[in-house]
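The values are calculated or read from the model by the stated rules, or taken from the named source; none is laboratory data. Note that this is a predicted model, so its numbers are computed, not measured. Virtual Cβ from ideal backbone geometry, glycine too; neighbours counted across all protein chains shown. All accessible areas refer to the heavy atoms of the entire protein, side chains included, with ligands and DNA or RNA removed. Shrake-Rupley method; radii C 1.70, N 1.55, O 1.52, S 1.80 Å.
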Amino acid sequence: MILKIDFNSEEALYVQLCNQIIVGIATDSLREGDSLPSVRQLADEIGINMHTVNKAYSVLKQEGYLRLDRRRGAVIALDMDKLRAMEEMKENLTLLVARGICKNVGRDEVHALVDQIFDEFGGQA
């Protein structure tokens, strides 16, 4: 998986890194048990500070996407339960749907968009 950082984005670098790893998991580019590069190695590869990578890994660990192993480093470990994931999705979708409604986006358009995004991830689950 190739990670790309947009240095011109207003989104924090560690957030960009977290999001790309999560998308990698969702698209099956990263799987349960896969090791990620060391903090130092990834920082060097993408040209960011080691503390930024460390923060991203810490956030992903806290959210249940990674575990930190002394020998293998950061390892994909999906222990986040479905109920927690659904609640998190609901929080994020609530605001997005509200913004869409303000811009006259209809229910069918929202459903079609969600279906399209879901299909892009292989329609798993």
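Taking the solvent-accessible surface of protein heavy atoms with a 1.4 Å probe, what is the per residue accessible area of the chain in Å²?
Roughly 74 Å² per residue, with all protein chains present.
Cut-off 10 angstrom, C-alpha nodes, Gaussian network model of the chain. Which of Ala43, Ala112, Ala12 fluctuates the most?
It is Ala112.
For segment 1-87, what is the charge dipole size about the Cα centre, in debye to the nearest 20, if Lys and Arg each add +1 at the Cβ and Asp and Glu each add -1 at the Cβ?
380 debye
Taking only Cα atoms of the chain, what ratio of Rg to Rh do you get with Rh as the Kirkwood inverse-distance radius?
Value, to two decimals: 1.01.
What are the membrane-span-like helices in the chain by this rule: whole DSSP H runs, Cα extent along the axis at least 24 Å, mean Kyte-Doolittle hydropathy at least 0.0?
82-102
If you bin the C-alpha pair distances of segment 42-113 every 5 Å from 0, what whole percents do you get?
In whole percents, the pair-distance histogram is 3, 13, 15, 15, 12, 11, 14, 10, 5, 1, 0.
Heavy atoms of the protein only, probe of 1.4 Å, neighbouring chains included. What is the accessible area of Asp6 in Å², nearest 10?
Accessible surface of Asp6 is approximately 80 Å².
What is the spin-label model distance, in nm, from Glu10 to Ala112 if the labels are put 7 Å beyond Cα along the C-beta direction?
2.9 nm
Report in % the part of the accessible area of the chain that belongs to carbon and sulfur, leaving out ligands and nucleic acids; probe 1.4 Å.
Carbon plus sulfur share of accessible area: 52 percent.
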